[in-house]
Amino acid sequence: MGIIVIAEAGVNHNGDVRLACRLAEAAKEAGADYVKFQTFVPEKLVSRFAKKAEYQKKTTDYAASQLQMLKQLALKKEDFAALKKYCADLGIGFLSTPFDEESADFLDMLGLDFWKLPSGEITNLPFLIKIARTGRKVVLSTGMSELDEIVQAVCILRENGARDITILHCTTEYPAPKEEVNLTAMRELADVLKCPVGYSDHTEGMEIPIAAAALGALVIEKHFTLDRTMEGPDHRASLEPGELAAMVRAIRNVERALGDGHKHRSLSETKNLTAARKSITAACAIRMGEELTDKNLTVKRPGDGISPMRWFEVLGTRAVRNFEKDEKISL
């Protein structure tokens, strides 16, 4: 499989399973491989004292605290079971990120192709151990992290049974400033951790995830919504369906363009060799037996004669016949 594109619906369903189904439809139509949601028990995710992040304060006037906000955004367990079946019927992969151990147990029972863990859990030791012991593949976002924290999390996952780990570079801000993305850090992650890398994007627009694909990201995750003007914490930093489709098309084009990493002549350009390359030709009329010199020879298209790479081999020889100006030289 090539680059995996995860369309992050997250909580952009605003707590409505019907809207979640529409998001799954939009992700499928856009060409994404997976649509991903978020599974959590609000009271087990945040305390009643937890304040909202600044970006959440700007986009969720309906709730005074994180807990109140999350209660408005949570889907029921039966909703996720229905969503998984709906995605299977649509022909798109279903994922959901767990944010607490109860949700992880439920999703493990429901069945996922792999775990997609959020950046905020990278320092949650008991949670990482629990996830690793399931034996499933893990895709871990690394927003807000220092390199040593990522190394430590990966070690914990590996020590507890996770054998297939992909690390996603990420900048956790909504929207993330492009000048803070530091996209080439993906290379360091790959070098240090010796595992596949990808990118989870929170910037506005689609340029950065496309660039990440060109840099070798094997997984691309991007938030999307049906309408960016809707009330909710993540809508403003999300793509709308048409933009998501354009991003997926661009990533697929980049994927095709990456090739095998070895420089060689392609099939399509072979036919242009003669038209674009040059041959050794007569710079003026040359009589048979005349010495061939840099005064009566030149190099011109087409390239179906003697290659100019043999220039010094030809110099000093005698013309085997009369040549007209511009005629290709033969020996």
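Laid out as a table, the results:
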quantity: Scope segment 246-275; condition among the aliphatic types (A, V, I, L, M), surrounded by 11 or more Cβ atoms within 10 Å (Cβ to Cβ) and more than 14 Å from the chain's Cα centre (by Cα); matching residues; calculated: L273
quantity: Answer residue from segment 107-162, given it is within 26 Å of I92 (Cα to Cα) and among the small types (G, A, S) and is most open to solvent (accessible area, probe 1.4 Å) among those; calculated: G135
quantity: Residue identified as farther than 14 Å from K328 by Cα, small (G, A, S) and touching a strand residue (DSSP E or B) at 6+ places or on another chain (Cβ under 6 Å) among G305, G316, G289; calculated: G289
quantity: Within segment 48-84, considering residues that are outside any helix (DSSP H, G or I) and basic (K, R), the one modelled with the lowest pLDDT; calculated: K52
quantity: Breaking point among (1) open to solvent by 80 Å² or more (accessible area, probe 1.4 Å); (2) under 19 Å from S200 (Cα atoms); (3) free of Cβ contacts under 8 Å to residues at least 24 places away in the same chain, for R236; calculated: (3)
quantity: Number of the condition not met by A9 [criteria: (1) in contact with a strand residue (DSSP E or B) (Cβ under 6 Å, 6 or more places away or on another chain); (2) small (G, A, S); (3) over 20 Å from P175 (Cα atoms)]; calculated: (3)
quantity: Strands (runs of 3 or more DSSP E) enclosed by segment 154-225 - at least 3 residues per element that are closer than 14 Å to V5 by Cα and out of contact with any Pro (no Cβ under 6 Å at 6 or more places or on another chain); calculated: 197-201, 219-223
quantity: Candidate set: segment 276-299, residues that are within 22 Å of R265 (Cα to Cα) and without any contact (Cβ under 8 Å) to a residue 40 or more places away in the chain; chosen: the one most open to solvent (accessible area, probe 1.4 Å); calculated: R277
quantity: Residue ID - farthest from Y55 (Cα to Cα), chosen from residues in segment 173-182 that are modelled with pLDDT of 95 or more and either open to solvent by 60 Å² or more (accessible area, probe 1.4 Å) or hydroxyl-bearing (S, T, Y) (or both); calculated: N182
quantity: Residue pairs meeting the criteria (Cβ under 7 Å; at least 6 apart or on separate chains; first under 15 Å from S238 (Cβ atoms), in segment 30-58; second open to solvent by 20 Å² or more (accessible area, probe 1.4 Å) and at pLDDT below 95); calculated: Y55/Y174
quantity: Evaluation of A88 against (1) assigned to a helix (DSSP H, G or I); (2) open to solvent by less than 70 Å² (accessible area, probe 1.4 Å) (one fails), failing number; calculated: (2)
quantity: Unmet criterion (only one of (1) under 18 Å from Y199 (Cβ atoms); (2) without any contact (Cβ under 8 Å) to a residue 12 or more places away in the chain; (3) of a type outside the set (K, R)) for Y174; calculated: (2)
quantity: Single residue of L168, L239, L226 found to be within 17 Å of V35 (Cβ to Cβ) and over 16 Å from the mean Cα position of the chain (by Cα); calculated: L226
quantity: Verdict on S96 being under 20 Å from V41 (Cα atoms) and in a helix (DSSP H, G or I); calculated: no
quantity: Any pair with Cβ under 9 angstrom, 6 or more apart, that starts in segment 130-148 at a residue that is under 12 Å from L112 (Cα atoms) and assigned to a loop (DSSP other than H, G, I, E, B) and ends at one that is open to solvent by less than 30 Å² (accessible area, probe 1.4 Å) and polar (S, T, N, Q); calculated: K137/T166
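The values are calculated or read from the model by the stated rules, or taken from the named source; none is laboratory data. Bear in mind the structure is a predicted one, so any value in this text is a computation, not a measurement. For neighbour counting, all protein chains shown are included, and Cβ atoms are generated from backbone atoms with ideal geometry for every residue, glycine included. With ligands, DNA and RNA removed, areas are computed over all heavy atoms of the protein, side chains included. Shrake-Rupley method; radii C 1.70, N 1.55, O 1.52, S 1.80 Å.
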